[in-house]
Each structure stands twice: as structure tokens, then as C-alpha cells.
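Presented below is the structure to which this report refers.
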Amino acid sequence: MLGVCGGIAAYKAVEVCRRLVDAGAFVSPVMTRGATRFVGPATFSALASERVRTSLWEEAEPIPHTFLGRNADLIVVAPATARLIGAYAAGISSDLMTATLLATRAPVLLCPAMHTEMWEHPAVVDNMATLRRRGVHVVGPGTGRLAGGDTGAGRLAEPEEIVAAAAAVLAAGGAGAGASLEGVTAVVTAGGTREPLDPVRFLGNRSSGKQGYAVAAELARRGATVTLVSASALAVPPGVKVVEVETAAQMDQAVSARSGADVIVMAAAVADFRPTAVAPTKIKRSNGVPEVALEPTPDILAGVAARRRPGQVIVGFAAETVSSAEHPGAGREELARVARDKLAAKGVDLLVANDVAAPGVGFTYDTNEVLIVDAAGARVDVPLATKEEVARAVVDAIALRLAGRHTTTATNPDTKENR
Ligand code: CTP
């Protein structure tokens with residue numbers, strides 16, 4: 001279902017509709033009354049495979065919202081206005097679109113568009129945080145020229161981004177979920193590296209390695225041939241070959257020796273700096289406070305990305321600290337911004353980011369809350385879940401890229417409802 005709300009960006013929903021149909025989707029458009037003031041229903045009728053609905057009361061089915069809600073594999077709302085976001089967050093069903101959103105169990109992808117002042121209003125910020133916490137997926141808004149001629153945040157995501165995000169959501173929780181990876185080779189790194197200072201001490205970090213192990217286990221479960229380059233000592237997942245390493249240099253060597261793999265997942269927390277020299281004997285307290293000079297370690301991920309061959313899927317991880325008690329909702333957007341920057345800087349296909357300052361997230365916990373961004377602009381928000389569930393979402397995103405499904409196009413002339 002494609003929900004269209006009343007905002008000037010409704011004209012862009014026409015392009016979203018066309019691209020979804022081209023990609024092989026059966027599209028049922030639902031327009032709010034406001035939307036029909038911007039675009040005529042006839043425009044969507046001409047493009048969509050299913051008929052256009054504009055009212056809870058004038059439809060052939062007696063309860064159109066449950067019909068639509070049950071039949072949808074995915075609901076995309078583009079543009080999603082402040083009113084729709086508020087009603088959805090509050091659980092208010094005042095029209096066909098809000099009633100369907102409450103009646104469905106399908107994943108929902110919201111594509112907000114509004115003026116910057118509205119997008120930044122505390123009510124909208126809180127409502128978005130509530131919806132994200134409930135697992136609603138969000139793409140955009142972008143920053144750019146808005147309807148009044150001014151510039152700022154609130155611009156509807158581009159149609160190609162919306163379609164890519166829709167494909168990613170379906171892959172993570174629906175149609176593409178659990179895709180087989182038979183015949184695929186993968187290298188996964190896990191754990192925190194240790195950089196020795198002397199024979200008994202090292203510089204390390206808090207990474208447990210659990211998330212990397214869960215990704216390796218999930219890849220193997222799907223049939224991939226997996227080598228886990230590990231700097232931690234957890235139980236080896238079934239069918240996974242482990243290469244144990246300790247330092248960033250050893251991890252670099254182990255990964256470089258296998259850098260032809262179809263998939264490379266750098267889940268390890270690699271030390272960015274190491275002592276320039278390792279003391280040959282234990283540094284003695286009685287000799288006074290030592291001065292430790294540091295030097296950078298090789299950036300393993302950037303290295304494999306720079307030497308990549310076509311068709312390879314390279315995945316980076318980023319543990320960030322963006323959360324603050326005052327702005328819990330804004331933290332997620334900041335995390336997304338940092339993730340996109342890191343994805344571009346490292347030249348990778350997918351970047352999995354988490355905010356380790358948030359409760360229950362990341363190091364030492366058995367749970368994690370991540371967002372996955374890809375080079376095509378799509379974003380999947382995985383709400384707080386076990387590391388195994390997060391691994392499934394990550395591997396679904398990998399499978400989607402391996403299959404090149406985000407670029408699939410096919411025409412789909414007949415309708416689903418008429419079958
Ligand atoms: N990584 C790597 N080699 C390093 C450091 C990091 O391969 N020497 C990989 C990690 O495994 C992870 C990704 O790079 O997949 C991001 O690591 P991060 O430390 O967040 O990146 P940095 O480039 O160090 O960025 P920052 O400036 O935020 O520390």
C-alpha cells in the first residue's frame with residue numbers, strides 16, 4: 001500500500017508509485033482528503049496496479065482498512081505529514097489511512113516531508129521517536145529547497161531512495177528474509193583487538209565479539225562458507241572456521257589473506273592506535289610513570305574497500321556515542337548522519353551503526369539496537385533486539401545486495417486484487 005498525505009511533496013509520490021510498479025510491486029494507493037487537493041486520484045489510477053482509495057466510507061468492501069491492512073506486505077507513506085505522524089503515534093484512526101496503519105501487522109515505512117520548523121517541533125520529534133521505538137521504518141527527510149523557497153530539513157526523500165528503502169525493509173522482514181547464501185564465501189571479524197604494552201599489559205576495548213559471532217553464525221546457517229577472524233574467545237558457531245588473532249596487525253594480515261571473499265564483515269572493534277614499541281620485560285612501577293608513544297594501526301576496512309573487486313559486499317560497523325538524556329529522539333538522526341558519513345568515508349556497501357551510549361545497546365549486552373545504511377541511500381532501523389535478531393537483519397541486507405535486488409526492474413501490468 002502506498003499512502004499519500006496532503007503535502008506539496010504528494011506530486012513526488014506519483015514517481016514513487018511508478019517506480020514501485022516498475023520494480024514488480026502491486027501498489028494500492030490510499031490518499032487522504034488533503035492529498036487529493038495536491039494530486040488527482042486519476043493520476044495514481046493510471047499508474048498503480050490496484051485501484052485508488054480515498055475514503056473509509058465509500059469503498060466496495062465494508063471494512064476497507066482491515067482488507068488493506070491484512071493484504072499489505074508493506075505500507076509506504078510518502079509524504080508523511082506532521083498530522084499523520086501525530087495521529088499514528090497517538091493511535092488515532094480518523095480516516096482510511098490512519099485506520100489501516102492501526103489495523104495492519106505489515107512493516108511500515110514512513111517518508112516524512114514538511115517544513116523545517118514543523119519537523120523540528122518537539123511534538124513531531126517525540127512522535128517520530130515513539131514510532132521508531134515501535135519498529136516503524138523511516139527514510140528521510142533530506143535537506144534542501146522546500147516549498148516556500150527556503151532551505152532546510154524536511155524535504156521528502158528522493159523516489160529512488162524510497163524504493164530502495166522499501167526493498168530493504170521487505171528484505172529484512174519479509175519477502176527476502178532468510179535468503180540462502182549457498183556458494184557464498186564470507187570473512188567476518190569479531191572482538192576487540194589487544195595492543196601489547198609489555199608482556200603482561202595491553203591497550204584494549206570493551207567489545208565482547210558477540211555481534212560478530214552472531215553474524216558469522218547466521219551467514220553459516222544460510223549456507224555461506226564462513227571464516228571468522230576473531231580477537232575474542234567465544235564458543236565457535238557450527239560450521240564456522242575460526243582464525244584467532246590478537247592485534248590489529250594480525251587481524252589485518254588474516255583479513256588481507258582472504259580479501260577475495262564475496263562478503264567481508266568488519267564487526268571487530270579494531271584498535272585505532274598501538275604503542276610504537278612493546279617493552280620486552282614488564283614495565284615496573286618502581287621505575288616511575290612510563291611515557292607511551294602511540295602510532296596508528298592500519299585501517300583494515302578502508303584497505304579491503306579500496307582493493308575491492310566488482311560484486312563484493314563490504315560491511316563496516318560503527319559504535320558511536322550520540323545519545324544524550326535531553327535529546328533521545330534526535331540521537332537517532334545524528335547516528336544516521338554519522339553512519340552515512342562513515343559509509344562514504346570508508347567506501348563500503350553497508351554500514352551497521354549503533355549508539356553504545358543508549359541503554360541495552362552494544363558492548364557486553366546480549367541485545368543491540370542498530371540502523372543499517374547502504375550505499376544506495378536506504379536505511380533499516382532495527383529496534384532493540386537480541387544480537388541474533390540483529391544478525392538476521394544484517395545478513396538479509398547482505399543477501400539483498402548480493403542478489404542485486406535493489407536494482408531489479410520488471411513490469412507488472414496485471415492487478416493482484418483482480419486475480
Ligand atoms: N576498522 C578497521 N581498522 C581499524 C579501525 C576500524 O577495519 N584500524 C573498522 C571497524 O571494524 C569498523 C569500522 O572500521 O567496521 C569503523 O570503525 P571506527 O573505529 O568507528 O572508524 P574510525 O575510522 O576509527 O572512525 P572514528 O574517527 O569515529 O574513530
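Assorted remarks:
- Output for region 357-379, where each listed residue is closer than 19 Å to A190 by Cα and open to solvent by 40 Å² or more (accessible area, probe 1.4 Å): F363, T364, Y365, D366, T367, E369
- Residues satisfying the stated conditions in region 120-170, i.e. more than 16 Å from A80 (Cβ to Cβ) and touching a Ser or Thr at 6+ places or on another chain (Cβ under 7 Å): G144, R145, G152
- Looking only at residues of region 338-396 that are over 14 Å from A168 (Cβ atoms), away from the ligand (no atom under 14 Å from the Cβ) and assigned to a loop (DSSP other than H, G, I, E, B), we find that the one that is farthest from the chain's Cα centre (by Cα) is T364.
- Test: residue in region 274-281 that is assigned to a helix (DSSP H, G or I), within 13 Å of the ligand (Cβ to nearest atom) and at pLDDT 95 or above: no
- Residues of region 282-324 classified as within 12 Å of the ligand (Cβ to nearest atom), outside any loop (DSSP other than H, G, I, E, B) and open to solvent by 70 Å² or more (accessible area, probe 1.4 Å), total: 2
- Residue match in region 217-235 (condition: among the polar types (S, T, N, Q), on the phi < 0 side of the Ramachandran plot and open to solvent by 30 Å² or more (accessible area, probe 1.4 Å)): yes
- Any hit, region 96-118, residues being open to solvent by less than 30 Å² (accessible area, probe 1.4 Å), outside any loop (DSSP other than H, G, I, E, B) and farther than 28 Å from A153 by Cβ: yes
The values are calculated or read from the model by the stated rules, or taken from the named source; none is laboratory data. All values reported here derive from a predicted model rather than from experimental measurement. Because the Cβ atoms are built from the backbone with ideal geometry, glycine has one as well, and the counts that use them run over all protein chains shown. For accessibility, only protein heavy atoms count, side chains too; no ligands or nucleic acids. Shrake-Rupley method; radii C 1.70, N 1.55, O 1.52, S 1.80 Å.
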